[in-house]
Amino acid sequence: MKERKVPAWVSAPLVLGAAGLLAWLERRRPLRRAVEPKPRREARNLAVAAVGAVALGVTEKPLAEALTSLVGRRRWGLLKVLRLPAWVEVALAVVLLDYTLYLWHVLTHRVPFLWRFHLVHHVDLDLDASTALRFHFAELVVSAPFRAAQILVIGVSPLAFSVWQTLLMLSILFHHSNARLPAELERRLNRLVVTPRMHGIHHSGVKEETDSNWSSGLTVWDWLHGTLRLDVPQSEITIGVPAYRDARELGLAEILRMPFAEERPAWQLPGEDFKAVNHRDTEARL
Ligand SMILES: [Zn+2]
């Protein structure tokens, strides 16, 4: 039986169109000043993404296909037990996948073994739509069992999974982008979804700012957990991780090796033995 999914002729133009529009906006109206030359960074991030796509193709993709199909046939998981109308089930699955991804994102920061891999995403010295695709292949591999658990516990059908994947891709391209939207528009948008200024705070080199804004789609999860922060102006943010600020150490080979190399105390500037960059010295202002 052919399973219903979002067809590639719908998702591919949507994602490519969004990426193209954001790339155009980033060049016309950048939000933050770039540290590294953009073409070099984009090429590096796309190379990391290509390796990641291969890793996904041999781990998460076959696993998710098998499990979503099993969930559909055997009616496993929370949503299948409830026997909801199809569209309600898809909508709830997307919301619950979004929430559990929030929890996973917190774990990638809190669990040292996972942070080793997620660090590669955070050491980018600039933040733009290409950063959205820059995940170390090993992070994608170690997240596959969590994805399997999400599908089985929530009861995610192939259609719901493909809807979520498409929306998630659009969302992460958008909120990692370096596009300067009118502040008022962004204020309205981030009552509902994660926006570029909001996610910029999560990529700050100040630890207490990175420890906020973990949502990947809906903002409500940060709001419910008290981890929402909107009070740091982008002009005051240094993107990246303090211990990894030398661009010469952040080439493609170096970042692919990073999770397997000796780890540095991430929030400490090199050469500074005592002062961890946990707080801003200046008073927080709106
Ligand atoms: Zn993160």
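The values are calculated or read from the model by the stated rules, or taken from the named source; none is laboratory data. Remember, predicted model here, so these are calculated numbers, not experimental data. Methodologically, a virtual Cβ is constructed for each residue, glycine included, from the backbone with ideal geometry; neighbour enumeration extends over all protein chains shown. We work out accessible area using only protein heavy atoms, side chains counted, and drop any ligands, DNA or RNA first. Shrake-Rupley method; radii C 1.70, N 1.55, O 1.52, S 1.80 Å.
Entry remark, the stretch 59-73: residues being closer than 10 Å to residue 152 by Cβ and under 24 Å from the mean Cα position of the chain (by Cα) number 2 in total.
For the stretch 114-144, a tally of residues being within 15 Å of the ligand (Cβ to nearest atom) and open to solvent by 10 Å² or more (accessible area, probe 1.4 Å) returns 9. Among the residues of the stretch 40-62, the ones that are touching a Lys or Arg at 6+ places or on another chain (Cβ under 7 Å) and open to solvent by 60 Å² or more (accessible area, probe 1.4 Å) come to 0 in all. Only residues that are crowded, with 16+ Cβ neighbours inside 10 Å and hydrophobic (A, V, I, L, M, F, W, C): list them for the stretch 219-240, please. Scanning the stretch 219-240 gives 220, 221, 228, 230, 232, 237, 239. The set of residues from the stretch 213-258 being farther than 16 Å from residue 115 by Cβ, among the small types (Gly, Ala, Ser) and within 16 Å of the ligand (Cβ to nearest atom) comprises 215, 216, 217.
Among the residues making up the stretch 129-143, a single one is in a loop (DSSP other than H, G, I, E, B) and either out of contact with any Phe, Trp or Tyr (no Cβ under 9 Å at 6 or more places or on another chain) or aliphatic (A, V, I, L, M) (or both): 134. Could you tell me which residue of the stretch 145-199 is nearest to the chain's Cα centre (by Cα), considering only residues that are surrounded by fewer than 17 Cβ atoms within 10 Å (Cβ to Cβ) and in a loop (DSSP other than H, G, I, E, B)? Ranking the candidates gives 192 first. Within the stretch 217-228, being assigned to a loop (DSSP other than H, G, I, E, B) and under 14 Å from residue 175 (Cβ atoms) holds for 217, 219, 228.
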